[in-house]
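Please read the structure below before turning to the comments.
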């Protein structure tokens with residue numbers, strides 16, 4: 001009888017601890033859940049912080065892909081809040097985005113893998129808004145125009161690379 005009770009307690013304790021401790025999850029190149037063998041990215045168990053979970057994703061090479069705070073720790077159900085930074089595999093900044101309740105809000109920056117500015121604009125309520133500019137790697141403007149509630153409006157200008 002004692003042996004059965006001890007065995008049941010051990011099994012229940014093991015199941016409880018394995019359910020509460022999230023293990024590493026893997027994603028394919030489209031950010032769908034995947035196996036380790038087919039993964040392009042992975043996420044170790046997020047760290048619990050006051051307002052949610054500090055999520056850090058990695059390329060399979062081990063280089064950091066992104067980091068930010070989410071209200072949830074469920075893969076593909078994240079609700080990011082505050083600044084989230086994304087990185088190219090070489091470690092250079094890729095994007096800097098601010099989130100409010102899972103939607104982009106405020107200034108948006110995107111960079112080439114060599115560090116030059118690629119795109120700059122802003123979001124309001126998760127939609128592109130106002131002036132946006134796209135740059136060539138040489139720093140010259142490639143395209144500029146305005147968005148209204150996520151839609152391009154007015155005249156958009158495109159520039160040759162050598163001008």
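The values are calculated or read from the model by the stated rules, or taken from the named source; none is laboratory data. This structure is a prediction, so every number in the text was calculated from the model and none was measured. Note: ideal-geometry Cβ built from the backbone for every residue, glycine included; neighbour counts use all protein chains shown.
Odds and ends about this structure:
- Residue in segment 105-112 that is at pLDDT below 95, touching a strand residue (DSSP E or B) at 6+ places or on another chain (Cβ under 8 Å) and part of a strand (DSSP E or B) present: no
- Failed item in (1) under 20 Å from residue 108 (Cα atoms); (2) outside any strand (DSSP E or B), with residue 85 passing the rest: (2)
- Condition check for residue 70: surrounded by 12 or more Cβ atoms within 10 Å (Cβ to Cβ) and either modelled with pLDDT under 95 or within 23 Å of residue 130 (Cα to Cα) (or both): no
- Under the condition of being surrounded by fewer than 19 Cβ atoms within 10 Å (Cβ to Cβ), under 16 Å from residue 79 (Cβ atoms) and touching a residue at least 24 places away in the same chain (Cβ under 8 Å), the residues counted in segment 49-65 number 1.
- In the set (1) over 10 Å from the mean Cα position of the chain (by Cα); (2) buried (at least 18 other Cβ atoms within 10 Å of the Cβ), residue 89 fails one condition alone, (2).
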